[in-house]
């Protein structure tokens, strides 16, 4: 009953068709009207008493305070119970459960409109292990304040043709999906793109620069479709030369397709600009992260190491490893450390000075 009540009042849930209840309910209403008329003729009952008798008969309650006395009246009551109660209730129940099964099938197949608002929409189909990629992406976003409770929806063809539709592993993460192509405007509307708060656009083929043209089209479409303020759009960019074009189309950030690191896309959405720093560290161009092994362990406050490197313009120390130990990231400045190696972000023009840097930190 509660589910039916919610469906009646939230009419957007009917967008894929209503359960076929109109004709059975019309039949029931006609039977009740005929019964009330028959009771007035055969039993000389007032309309309110006849209606009450119809209700207690159909619900099989049978209080007995109002009962038919004549044979025609009893026959009319039996007909109401058989033709109005058993038949209609069975028909309504059958239609209702059939409709609910159709709803579940559409949700599984990705053809259901979820009626979302203020959600994160991920558009595209990653190559390889799509389940691992989507799960990594959603977990990164869920671990960020401001996105822990935001609904997330996938517009993808990754699960097309699967009998179970969206894998259970992704359902357990709170994800839902719509099946369709990224440039299909009907699919975008079904995925509620006009009301999305943020959109992540994946490159169609991470090795093909033509994908950037498709991504630019998707960026322009979702921004043009917005009901209110345009969503924040983060897109993958295969060719760095197309980055400016994607930004001009309205993307807030354009990230290289690093499918083994969905965290990159999450960072671009949560902390715009962070993706450029991470990309820089992942590549050999520009700044680069080095592990500088010291000739002998260095002991002292971490702030001293960081200050020496910064003052001499050599780089930025972000972590250290004690002799035989694991790396410790971003230690407090006042922390006394014993470093067998330090992790330093070096500028491109200072990469050749790694050995000299090691000797300097060690005090040689």
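Just so it is clear, none of the values below were taken in a lab; they were calculated from the coordinates. In this text the structure is predicted, and so the values were computed from the model without any measurement. Cβ: placed from backbone, ideal geometry, glycine included. Neighbour counts: every protein chain shown.
How much length would be gained if the chain were fully extended between residue 144 and residue 241, taking 0.36 nm per residue of separation minus their Cα-Cα distance, in nm to one decimal? Intermediate results must be reported in sequence, preceding the final value.
On the way: separation 97, 0.36 × 97 = 34.92 nm, distance 3.08 nm.
Stretched fully, the residue 144-residue 241 segment lengthens by 31.8 nm.
Calculate the FRET efficiency for residue 96 and residue 59 from the Cβ-Cβ distance with a Förster distance of 25 Å, rounded to the nearest 0.05. Spell out each step's value before the answer.
Values: r = 17 Å, r/R0 = 0.69.
E(calc), rounded to 0.05, equals 0.90.
Using 1/(1 + (r/R0)^6) with R0 = 56 angstrom and r between the beta carbons of residue 117 and residue 74, what's the FRET efficiency to the nearest 0.05?
Efficiency, from the Cβ-Cβ distance: 0.50.
Where a ≥ b ≥ c are the square roots of the eigenvalues of the C-alpha gyration tensor, would you call the stretch 98-163 rounded, which needs a/c under 1.5, or, failing that, prolate if a/b is larger than b/c, or oblate? The partial results should precede the final answer.
On the way: a/c = 2.46, a/b = 1.34, b/c = 1.84.
Taking the square roots of the gyration eigenvalues as a ≥ b ≥ c, the stretch 98-163 is oblate.
Given an 8 Å cut-off on Cα distances and at least 6 residues of separation, report the relative contact order of the stretch 120-282 as a percent. Write down the numbers at each step before the final one.
Numbers: 298 pairs, mean separation 35.7, N = 163.
Over the stretch 120-282, the number comes to 22 percent.
Report, to two decimal places, the Cα Rg of the stretch 120-282 normalised by 2.2 N^0.38 Å (N = number of residues).
0.94
Once R0 is set to 41 Å, what does the formula 1/(1 + (r/R0)^6) return for the Cβ-Cβ distance between residue 172 and residue 26, expressed as a FRET efficiency to the nearest 0.05? Don't skip to the end; give the middle numbers.
Numbers: r = 43 Å, r/R0 = 1.04.
That gives a FRET efficiency of 0.45.
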